[in-house]
Amino acid sequence: MQVRVRPLRKEGVLLNSDDLKTRPPHIGRLRVAEERDPQLERPVTRAKLLDMSSGLETDVLPQLNDARLVYVKDGQWRLVGTERIRDAEYAQTWALEQMPC
C-alpha cells in the first residue's frame, strides 16, 4: 500500500512541530512482516518504506524494528519501534497516511 510517512524523531529525539511542518513526507510502499534480525539474533516485526519506482525494492527510510501499531484514526496511523543507524538503535515513530489509489 502506498503511504506518506513523516518520521517524528531524529536519532531518538522528538522533532518540534515547526521542524515537522517544514519537512516533506517520504512516499513509498509500506511493508510490515516478521523477519529474523541477525544482529539481535531473534525475530522482529519490521516495517519498511520501499521505493518501487526503479523496479527494485530499495529502502526510503531506515527500517523500523519491533514495529507496533499504536494509533489508527481517519486514515492516519502511528507505528513505533527502533531504527538502526550506524550500529546504534534509536527510538522512532512514523506518522503514516494512506495515499489515494
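The values are calculated or read from the model by the stated rules, or taken from the named source; none is laboratory data. Everything numeric here is computed off the predicted structure, so don't read it as measured data. When we count neighbours, we look across all protein chains shown, and the Cβ atoms used for this are built from the backbone with ideal geometry, even at glycine.
Checked against the criterion of being under 15 Å from the mean Cα position of the chain (by Cα), surrounded by 15 or more Cβ atoms within 10 Å (Cβ to Cβ) and touching a residue at least 40 places away in the same chain (Cβ under 8 Å), segment 33-46 contains not a single residue that satisfies it. Filtered by the rule that a residue be assigned to a loop (DSSP other than H, G, I, E, B), touching a strand residue (DSSP E or B) at 6+ places or on another chain (Cβ under 9 Å) and not aliphatic (A, V, I, L, M), segment 31-52 gives a lone residue, GLN39. Mind checking which residues of segment 54-87 are more than 19 Å from GLU35 (Cα to Cα) and either hydrophobic (A, V, I, L, M, F, W, C) or buried (at least 18 other Cβ atoms within 10 Å of the Cβ) (or both)? Residues satisfying the conditions are LEU56, VAL70, VAL72, TRP77.
Sort out which residues of segment 61-79 are in a strand (DSSP E or B) and under 8 Å from the mean Cα position of the chain (by Cα), and write them in order of number. Break it down into steps so the answer makes sense when it comes.
The initial filter retains those residues of segment 61-79 that are in a strand (DSSP E or B), namely 64-73, 76-79.
Scanning segment 61-79 gives LEU64, LEU79.
Could you say whether any residue in segment 15-26 is charged (D, E, K, R), touching a residue at least 12 places away in the same chain (Cβ under 8 Å) and in a loop (DSSP other than H, G, I, E, B)? Yes, that holds for at least one residue.
Are any of the residues in segment 51-59 at positive phi and either modelled with pLDDT of 95 or more or polar (S, T, N, Q) (or both)? No, segment 51-59 contains no residue that is at positive phi and either modelled with pLDDT of 95 or more or polar (S, T, N, Q) (or both).
Pick from ARG6, ARG84, ARG68: which is touching a helix residue (DSSP H, G or I) at 6+ places or on another chain (Cβ under 7 Å) and either free of Cβ contacts under 8 Å to residues at least 40 places away in the same chain or among the basic types (Lys, Arg) (or both)?
Working: ARG84 fails: touching a helix residue (DSSP H, G or I) at 6+ places or on another chain (Cβ under 7 Å); ARG68 fails: touching a helix residue (DSSP H, G or I) at 6+ places or on another chain (Cβ under 7 Å).
Going through ARG6, ARG84, ARG68 in turn, just one is touching a helix residue (DSSP H, G or I) at 6+ places or on another chain (Cβ under 7 Å) and either free of Cβ contacts under 8 Å to residues at least 40 places away in the same chain or among the basic types (Lys, Arg) (or both): ARG6.
From the list LEU14, LEU96, the lone residue that is over 13 Å from the mean Cα position of the chain (by Cα) and surrounded by 11 or more Cβ atoms within 10 Å (Cβ to Cβ) is LEU14.
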